[in-house]
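J.: Below: one structure in structure tokens.
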Amino acid sequence: MGKFKRVCVFCGSNSGNRKIFGDAALDLGRELVEKKMDLVYGGGSVGLMGLVSQTVFDGEVLIVSDMHERKAEMARRADAFVALPGGYGTMEELLEIIAWSQLGIHDKPVGLLNIDGYYDCLLGLFDKGVEEGFINPSARNIVISAQTSRELLQKMEEYIPVHHQVAPKQSWNIEGNQNGSL
């Protein structure tokens with residue numbers, strides 16, 4: 001077993017236009033099973049009462065009141081985060097979890113499964129942010145990327161945070177979390 005047990009996976013609600021993306025999701029699932037890691041994921045559906053968000057953890061479905069509560073619950077229960085190729089929702093969740101790391105809310109690994117270069121432009125944007133002085137060079141290491149599940153999980157297990165948090169953990173208190181960390 002690896003350094004962490006529970007992985008939160010951010011992904012699109014469909015598999016995209018190319019088979020390679022669905023295959024990559026299946027490969028990640030196999031790698032997680034092989035390493036005996038649990039999957040933490042969230043989703044939403046529209047019902048009679050409007051948006052209902054849910055988080056699945058260890059086979060348990062938790063109904064939460066809103067998207068922030070869902071993300072906080074997923075982050076609290078996960079030891080690491082992986083983003084598969086996806087759309088706006090995947091990007092939003094990914095960027096928030098990266099920002100939480102930069103702020104010092106958590107120090108868990110954040111990985112991009114960069115299938116067929118899907119995230120090359122985003123990684124280039126992060127590099128441009130460093131070049132232009134908007135992202136601290138030490139914070140660039142928050143995001144780990146690889147083209148295969150096996151390589152990504154290996155890099156994530158080796159991850160050691162080296163960036164300087166920009167806010168003290170004590171100043172961040174997510175509802176129901178008294179010590180300020182996730």
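J.: Do you know which of the residues in the range 127-144 that are farther than 11 Å from Gln102 by Cβ and in contact with a helix residue (DSSP H, G or I) (Cβ under 6 Å, 6 or more places away or on another chain) is surrounded by the fewest Cβ atoms within 10 Å (Cβ to Cβ)?
T.: Among those residues, the one meeting the criterion is Pro137.
J.: Of all residues in the range 108-147, count the ones that are in contact (Cβ under 8 Å) with a residue 60 or more places away in the chain and of a type in the set (Val, Ile, Thr). Can you show your working first?
T.: Filtering the range 108-147 down to residues in contact (Cβ under 8 Å) with a residue 60 or more places away in the chain leaves 108-109, 113, 115-116, 118.
Applying the additional criterion that residues be of a type in the set (Val, Ile, Thr) yields 115.
Result for the range 108-147: 1.
J.: When you go through (1) more than 14 Å from the chain's Cα centre (by Cα); (2) free of Cβ contacts under 8 Å to residues at least 12 places away in the same chain; (3) outside any loop (DSSP other than H, G, I, E, B) one by one for Arg150, which number turns out not to apply?
T.: (2)
J.: Filter the range 114-147 down to residues that are touching a Pro at 6+ places or on another chain (Cβ under 7 Å) and outside any helix (DSSP H, G or I) and give me whichever is farthest from Val82 (Cα to Cα). Reasoning before the result, please.
T.: To start, the set of residues in the range 114-147 that are touching a Pro at 6+ places or on another chain (Cβ under 7 Å) comprises 115, 118, 130, 144.
This time we only want the ones that are outside any helix (DSSP H, G or I), so: 118, 144.
Details: Tyr118: 14, Ile144: 9 Å.
That would be Tyr118.
J.: A follow-up question, please. Can you tell which of Val64, Val56 is closer than 18 Å to Val82 by Cβ, hydrophobic (A, V, I, L, M, F, W, C), at pLDDT below 85 and surrounded by 11 or more Cβ atoms within 10 Å (Cβ to Cβ)?
T.: Val56
J.: How many residues are surrounded by 15 or more Cβ atoms within 10 Å (Cβ to Cβ) and modelled with pLDDT of 70 or more when one looks only at the range 26-53?
T.: Qualifying residue count for the region: 9.
J.: If you go through the range 131-144 one residue at a time, do you hit one that is among the small types (Gly, Ala, Ser) and within 26 Å of Asp23 (Cβ to Cβ)?
T.: Checked against the condition, which is being among the small types (Gly, Ala, Ser) and within 26 Å of Asp23 (Cβ to Cβ), the range 131-144 yields no hits at all.
J.: Let me ask another. Quick one: which of Lys128, Lys108 is under 18 Å from Leu32 (Cβ atoms) and of a type in the set (Lys, Arg)?
T.: On inspection, the qualifying residue turns out to be Lys108.
The values are calculated or read from the model by the stated rules, or taken from the named source; none is laboratory data. Just so it is clear, the model here is predicted, and its values are computed rather than measured. As a convention, Cβ positions derive from the backbone with ideal geometry for all residues, glycine included, and neighbour counts pool all protein chains shown.
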